[in-house]
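One structure below.
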Amino acid sequence: MLEKLFGFNPRETRVRTEILAGITTFLTMAYILAVNPNILSATGMDKGALFTTTVVASAFATLLMALYAKLPFGLAPGMGLNAFFAYTVCLTLGYTWQFALTAVLLEGIIFILLTITNLREKIVDALPLTLRNAIGAGIGLFIAFIGLQNAGIIVNNDATLLSLGDITSGSALLGIIGLLVTSILLIKRVRGALLIGILLTTVIGIPMGQTHLDGVFSTPPSIAPIFCQFQWEHIFTKEMVIVVFTFLFVDMFDTIGTLVGVTTKAGMVTKDGKIPHLKQAFLVDAVGTTAGAVLGTSTITTFVESASGVGEGGRSGLTSFVTAVCFLLSLFLAPFFLAVPGAATAPVLILVGLMMMSSVKKVDFLDYSEAIPAFICIIFMPLAYSISDGIVLGMISYVLINLLCGHTKKLTPAMYILSVIFVFKFFL
């Protein structure tokens, strides 16, 4: 029965191992239950409803991964994508969160079609490898920057744009304490280090007056304020096209990187280099995103933290099934997760940013025709406060630099087409 439901193979692993692996994956992912409501509520969305939606959407997508793709991966609203949703689309570009949810819904539907028709591979191939590696690093810097701002460690300065905040008291001091505590836990390889870091920082914040806890258990808040909140009148505008493309683009490469990286590390790749049930995994990601938009959250994606469960021996959908059950049980802990201050989640944003920087090692910095576009992509994400602008400027610079230097063999017709579209983004 377990083999039919979850692809469980008793010759490769044991039920006890899969259960422990599922719990481990949940512990390393559970920080999203505090971080996602904190980020998205900045747009005006109801924080309580966001908590419930984050739990339900994560549980649904992870359960689908268990039963359909039969892989040991957990899914939840993606870091970086939720930041793009809140801080770029809503707070920087000025669109409503209903507009952003509509974009996520459209992205999910398009992702489903691309997966079914196998067009996804062609879009992936249109982007140079350098930029694919740069995007993760740029998003990492962007997320870390947001964390520093949320804690008040970095603040606005009219003379220099930015400066160091008052790190001797209040939120900034709590954020620094949390960063130190969580860093030590990570270095010591403590399971669930990010979640434990949030918990300890939240507790430390009580005597500091930064944490205001009103209970631990309660009935889950209603998702009514954010359920099915779409703005259909904008779906044919150029602004919507740009936002949808960016969501799709980032989600696609985030998922590809996670699936390839984790399965390779776990030895799950076949002899001919193929990942088992890869198409099903992509479809789960796409369906999860679509369902998440209906429920009221940003793009759902496969979490790289799934590597923790795989490292514990998880090899089948039984691992992700256990993770999904853990998500559902957390529904009744809403008061606690909603009491977590921004300073307690800031260290996680900073450290997740660090983890996402690892892909920059693959950029060839000795070849300036590769390094300069990659650097432009990376640096403009945090400085322009926009993931999409970093991607667009990176792509345009890559094509222009290599074209003018005579490196035309590195360029494909698809690259030219994308660059022209991106140039029109600025002029239109």
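Quick notes on this one:
- On the stretch given as segment 12-52, residues that are outside any helix (DSSP H, G or I) and not acidic (Asp, Glu) total 6.
- Test: residue 281 is under 18 Å from the mean Cα position of the chain (by Cα) and either at pLDDT below 80 or part of a helix (DSSP H, G or I) (or both): yes
- Residues being in a helix (DSSP H, G or I) and crowded, with 24+ Cβ neighbours inside 10 Å - total across segment 53-71: 10
- Single residue of segment 284-313 satisfying the filter (at pLDDT below 85 and touching a Leu at 6+ places or on another chain (Cβ under 7 Å)) that is farthest from residue 13 (Cα to Cα): 303
- Conditions (1) open to solvent by 60 Å² or more (accessible area, probe 1.4 Å); (2) out of contact with any strand residue (DSSP E or B) (no Cβ under 8 Å at 6 or more places or on another chain); (3) hydrophobic (A, V, I, L, M, F, W, C); (4) not in a helix (DSSP H, G or I); number of the one not met by residue 162: (2)
- In segment 1-22, the residues that are crowded, with 18+ Cβ neighbours inside 10 Å and not hydroxyl-bearing (Ser, Thr, Tyr): 6, 7, 8, 18, 20, 21, 22
- The residues of segment 284-309 that are open to solvent by 10 Å² or more (accessible area, probe 1.4 Å), part of a helix (DSSP H, G or I) and either touching a Lys or Arg at 6+ places or on another chain (Cβ under 8 Å) or not hydrophobic (A, V, I, L, M, F, W, C) (or both), listed by number, are 290, 307, 308.
- Single unsatisfied condition, residue 127 versus (1) more than 23 Å from the chain's Cα centre (by Cα); (2) over 29 Å from residue 25 (Cα atoms); (3) buried (at least 21 other Cβ atoms within 10 Å of the Cβ): (1)
- Within segment 316-418, helices (runs of 4 or more DSSP H) holding 2 or more residues that are at pLDDT 85 or above: 317-329, 342-356, 368-383, 387-404
- Close contacts from segment 342-362, counting a first residue that is under 19 Å from residue 184 (Cα atoms) and a second that is of a type in the set (Phe, Trp, Tyr) and modelled with pLDDT of 85 or more, with Cβ to Cβ under 8 Å and a gap of 6+ residues or different chains, come to 345/31; 348/31; 353/145.
- Unique residue being of a type in the set (D, E, K, R), open to solvent by 20 Å² or more (accessible area, probe 1.4 Å) and under 13 Å from residue 132 (Cα atoms) when the list is 361, 409: 361
- Test: residue in segment 86-98 that is surrounded by fewer than 21 Cβ atoms within 10 Å (Cβ to Cβ) and among the hydrophobic types (A, V, I, L, M, F, W, C): yes
- Count - residues of segment 363-385 that are charged (D, E, K, R) and either within 21 Å of residue 90 (Cα to Cα) or in contact (Cβ under 8 Å) with a residue 12 or more places away in the chain (or both): 2
- Under the condition of being surrounded by 20 or more Cβ atoms within 10 Å (Cβ to Cβ) and either over 15 Å from residue 127 (Cα atoms) or without any contact (Cβ under 8 Å) to a residue 12 or more places away in the chain (or both), the residues counted in segment 386-406 number 3.
- Qualifying residues in segment 412-428 (those that are in contact with a helix residue (DSSP H, G or I) (Cβ under 7 Å, 6 or more places away or on another chain) and of a type in the set (Phe, Trp, Tyr)) - the one least open to solvent (accessible area, probe 1.4 Å): 422
- The lone criterion from (1) open to solvent by 40 Å² or more (accessible area, probe 1.4 Å); (2) part of a helix (DSSP H, G or I); (3) among the acidic types (Asp, Glu) left unmet by residue 214 is number (2).
Let's see how each residue does on (1) free of Cβ contacts under 8 Å to residues at least 60 places away in the same chain; (2) assigned to a helix (DSSP H, G or I); (3) in contact with a helix residue (DSSP H, G or I) (Cβ under 7 Å, 6 or more places away or on another chain):
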| position | (1), (2), (3) |
| --- | --- |
| 73 | no, no, yes |
| 82 | no, yes, yes |
| 88 | no, yes, yes |
| 92 | no, no, no |
| 95 | no, no, yes |
| 99 | no, yes, yes |
| 104 | no, yes, yes |
| 109 | no, yes, yes |
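- Residue 154 being farther than 22 Å from residue 78 by Cα and in contact with a helix residue (DSSP H, G or I) (Cβ under 7 Å, 6 or more places away or on another chain): yes
The values are calculated or read from the model by the stated rules, or taken from the named source; none is laboratory data. On a predicted model such as this, the values are computed, not experimentally measured, just so you know. FYI the Cβ positions are ideal-geometry reconstructions off the backbone, even for glycines, and counts take in every protein chain you see. Ligands, DNA and RNA are stripped out before the accessible areas are found, and what is left, the full protein with its side chains, is counted by its heavy atoms. Shrake-Rupley method; radii C 1.70, N 1.55, O 1.52, S 1.80 Å.
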